[in-house]
Every structure is written in structure tokens, then in C-alpha cells.
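The values are calculated or read from the model by the stated rules, or taken from the named source; none is laboratory data. Remember, it's a predicted structure, so these values are computed and weren't measured experimentally. With ideal geometry, Cβ positions are generated from the backbone for all residues, glycine too; neighbour counts draw on all protein chains shown. Remember, those area values only see protein heavy atoms, side chains included, never the ligands or the DNA or RNA. Shrake-Rupley method; radii C 1.70, N 1.55, O 1.52, S 1.80 Å.
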Amino acid sequence: MFADTHIHPIMKYVHNERKNLWKSISGVIHISGFLNNIVGIPSFSQADMRRLARGNFQVVFCALHPPEHKILFTKANSTWDNLVDGVASQVISIPKEKIKLYREASYDHFKQLELELKNLVDGQQKRRKLRVNGKRRKCSYKIVKDYSEVEEIVTFNKNQDDYFKIAVVLTIEGLHAIGRGHLDFNDTPNPHNVDDDNFLSRLDRIKGLSNDGGAGWSQSPVLINVTHAFDNGISGHAQALAKVMREKLFKYANSGGVNEPLSPFGKKVIRRMLNLDAQPEGRRIIPDIKHMSTKTRRDYYEIIDAHNSQNSDDIIPVIMSHAAVNGKPLLSENNYNPEDSDGEYDDSTTFNTWSINLYDDEIIRIHETKGLIGLIMDQRVLAGGEKVRLLRKYINNNHDYGNPFEGMSDKEAWFSLVFDQIVHIVTTVMNSNTSIDKKLIWDCICIGSDFDGQIDPINTFKKSTDFDKYKKELKKRLHDAENDTIRQGLSIDEIVHKICFDNVFTFLERNF
């Protein structure tokens, strides 16, 4: 069985006004299949409920993610806009009229967030008969409010032959969703950018507290990403866009926020999320460090370090839900001002070197706080440009000699992008001076695919139904004699179960 700390099963369905999450979206094959080979983003749904059930995913973190206002505006004229809209609608399955609607002054991140939540809540009423683990079963999902409900569903699945349930844990990707980051029109402040008090009032509702703004959420998120790809006025974000995209496509790509620290209000928001303010109330929501700039991560670590040092029985874990490593030692690279250049990425034969990925000292921090590293399935995030080019060349040239992937099958070559991450994470802790049992790093690694998050997935692992192959490749690599040392005495089956399911289940027991 499997768990995933970051997927977007609702996104394509909301954009297309489709209510049945148990009916997979296939995309327009004759058009989008061709475009997908160029752009890499699947138009079909990778992690809809049907595919999750058939893939035996029993626990999933569903990321609610209203599109950012700023991401939809291109740099060129209306003719170019129409062309981009046409391509986007085929590649990522968002209708052109919806893209245009999301550009309007009327577009409200928070209303879109509530719409995504409503569709997900309503979908709990639907059932689908599917073959799961070799047996035909009735399938459904439930949005869970705490660990006890997760445990109940997992136990239920163990004891049932004719029914299968998925435990859906809510997360939110980006605080823009609560009411920040909208564009101004005609030099008039956008009313959807709410003031600080209203923002905190909405955050309290998400934490389960009812107030004058409305009822509290009955199921609160376990995680929220503080930021995403554009400035939200709350925190800085790490660069996620290549130079050609920043300069030729996205109009607001350089409008601020890159490599910036937490704002004073951002620090207040973090403390409110974590129940560290003067009168803590509601559910604690853990900030997800993915997309944070290095300066923002520095500021966030200062906040939780001050708490953790005085509260050994209430350690706040560090989590990156859809993660990769960059292979660099220190978060403080270049005085917290990383270059994140296209040239450095293009030339890398190892990892994607950008600061959006984990530094080695952060891996150790996650290990020491019993956090999670959810390994993403995006090939461009997992590996440097030259490494991906060599891999593609190897496969396209029918396994040419002299290539670093020589001797591997296609599946083995693509999976090596993931396994290289695992080896680096474990050896980083093994080679460190941490006082925490180094073997426990195996408790921190899990799956955080980012499926349906508009990623370019590993070619042989594109859907949630592909993880049986993932498990087989993981076992195969752990059986190699050269990897005996990193296992640190753990059995192969034990490690595989940890990565595929157990680590997420245990994390929720501690933190949900």
C-alpha cells in the first residue's frame, strides 16, 4: 500500500467543471499527446480517485491550489495570449474560457479555494467499483479530520474484501489562496487582497475556528505551503521558473518576492499557524517549506528553533512535501542569495542545483525534527539538465555505450533519478555529526509525487497506478551489494514499507 504527501486530484476537475473524480480525464489524445511530448506536462489526470484506488493509495495529502492571478498573464500581445491559451488548454486541460476568467479583476483566490474544497467534499458521496489488489471492490474516499480517522480507514481496508476507502488529508499550496497576491487593475487596489485582520480571520476559520467571517473548517489542513511561484507579500519564494519563461512568457515573473525574507506580517502568520502566538487556538497547521526562499527558510527556522529548544515534548517537524535535493551543503549559500542560474542547472550532471531544493544541512534538520521529505516525481526538479539529456540520449540511442546509465533498462534509468536522491539523503546524515540515531533518516523519506501539479513526470512512472513498478525498482536497487551500507542494518522490506507508506502514517500519528 502507498501514501503520497502532495497531489492535486481536484484541480483539473474544478477547471473543467467535472464532478466525478472517479472518472479519469484522458485529455485530447491526438493533440495533447503530441504537445505532451514537447512540454512534458500530462493532459490526463495522473492522480484522480480511480487511479489512486487502483494504485492502492490509502492515504493522500490533497493540495488545494487556486491558480495564482499573476501566473496567467503573459508578456506578449493578445494574439500571443490566444496562442498560449490554446496550447495550455490542451496540455494541462484548462479550458481557454477559464484561463481568461482567471485573468479578470473579479477572480478571487479565496472563493476558488472554497470551490475546490466544496467539490472535494461533495465527491465523498460518490462510489465506484474497481479492481483493487486483485479483487473487485466498492471504492470511496473520506476527507479526514485527524489521525484517528486515518487509522480507522487503514484498519477498515485491512479487514474488508469488498470495499476500499482512501483517507484524504487536506493541504493548501500557497497562502495566496487565503487572499493575497491578486493584481491591481486601473491603479485601483484589488479588494480581494484582504487586510491583515481579515486574512488572519480566514486563517482561523481554516484552523477550525468559527468567527464573523463564517464557520470554521471541519477538516483542517495538516500542512500549508507559505508561498508558491509568485510574490504574495507574506514571504519570499525560491525561483522556480527558467530564464526563457521569466523573460518571454510570464509577465509578472520578476515582480518581486524572489529570495526575499518573511515579512513582519508573515512572521505573525507563521506563529498563528503553529499556535505560537499569545493566545493559541484551533488546529496547529505545519508550514511546508517547499517553494520558500532561503531567506524565508532561515527566518522560519529561527521561529521553530526558539520553540523546539524550550519544548522537547512538542518538536515542530520540518517538512518538504514534494521535494528533491540540490547537493549543496549549506542553506546560507552566497549569504542567502543563491544565483539559481540556468547555466548552472543546464551543466549539472547530478541534481537540480537550485535553491528550491533541499540543502544538506536542511536534510539533517529534517532528520533531527522527525520531519518528512516527500520525493517528487518531476524529472526537471530531480536532476540537472545535462543528466536528463544524457538519460534521454541513452534511451533514444538504444542504450549507447559510454553513457553513465549504461547497462540499465529504461525503467532502471528513469528510477535512478529517484534512487540517487535517496542515497544522497541517507549518506548526508550518515556522514554528519548529528547526535540523533542516523538510521532514523529512513523514517523521513516518503512519496510526494506532485502528480496533477503540472509537472514533467519521470517517463516510466507517470500515474498513481505506476507505483507497483516504483516499489519493484526500489527493492531491486536496495538489493545491490553497493547499497548494503546505507541500509544500516534495516531489511529491504522494512525500508520499502517505510518509504511507500509507514513514514507518512507515523508522521500523522505524531502531528495530526
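Odds and ends about this structure:
- Put simply, of S255, S220, S235 the only residue that is open to solvent by less than 10 Å² (accessible area, probe 1.4 Å), among the small types (G, A, S), closer than 30 Å to T353 by Cα and assigned to a loop (DSSP other than H, G, I, E, B) is S235.
- A Cβ distance below 6 Å, combined with a sequence gap of six or more or placement on separate chains, defines the contacts here; from the range 226-244, residues that are without any contact (Cβ under 8 Å) to a residue 40 or more places away in the chain reach residues that are part of a loop (DSSP other than H, G, I, E, B) in the pairs L241/A253.
- Per-region count, the range 293-330, residues open to solvent by less than 70 Å² (accessible area, probe 1.4 Å), under 15 Å from F351 (Cβ atoms) and assigned to a loop (DSSP other than H, G, I, E, B): 4
- Condition met for K411 (open to solvent by less than 50 Å² (accessible area, probe 1.4 Å) and among the basic types (K, R)): no
- Test: H192 is out of contact with any Cys (no Cβ under 8 Å at 6 or more places or on another chain), within 28 Å of I224 (Cα to Cα) and crowded, with 22+ Cβ neighbours inside 10 Å: no
- Residue within the range 396-409 that is out of contact with any Leu (no Cβ under 7 Å at 6 or more places or on another chain), among the hydroxyl-bearing types (S, T, Y) and touching a residue at least 60 places away in the same chain (Cβ under 8 Å) present: no
- The residues of the range 267-281 that are modelled with pLDDT of 95 or more, out of contact with any strand residue (DSSP E or B) (no Cβ under 8 Å at 6 or more places or on another chain) and part of a loop (DSSP other than H, G, I, E, B), listed by number, are N275, L276.
- The listed residues are I319, I395, I356, I363, and the only one of them that is at pLDDT below 95, hydrophobic (A, V, I, L, M, F, W, C) and under 27 Å from I7 (Cβ atoms) turns out to be I395.
- Candidates V504, V423 - the one that is within 20 Å of V60 (Cα to Cα), assigned to a helix (DSSP H, G or I) and touching a residue at least 24 places away in the same chain (Cβ under 8 Å): V504
- Matching residues, the range 300-327, being in contact with a helix residue (DSSP H, G or I) (Cβ under 7 Å, 6 or more places away or on another chain) and free of Cβ contacts under 8 Å to residues at least 60 places away in the same chain: I303, I315, I316, V318
- The one condition in (1) open to solvent by 10 Å² or more (accessible area, probe 1.4 Å); (2) closer than 20 Å to I425 by Cα that L478 fails to fulfil: (1)
- Listed by first and then second residue, the pairs linking a residue in the range 12-23 that is more than 13 Å from D122 (Cα to Cα) to a residue that is open to solvent by less than 50 Å² (accessible area, probe 1.4 Å), with Cβ atoms under 6 Å apart and 6 or more places separating them unless they lie on different chains, are K12/I25; K12/S45; K12/S93; H15/I94; H15/K98.
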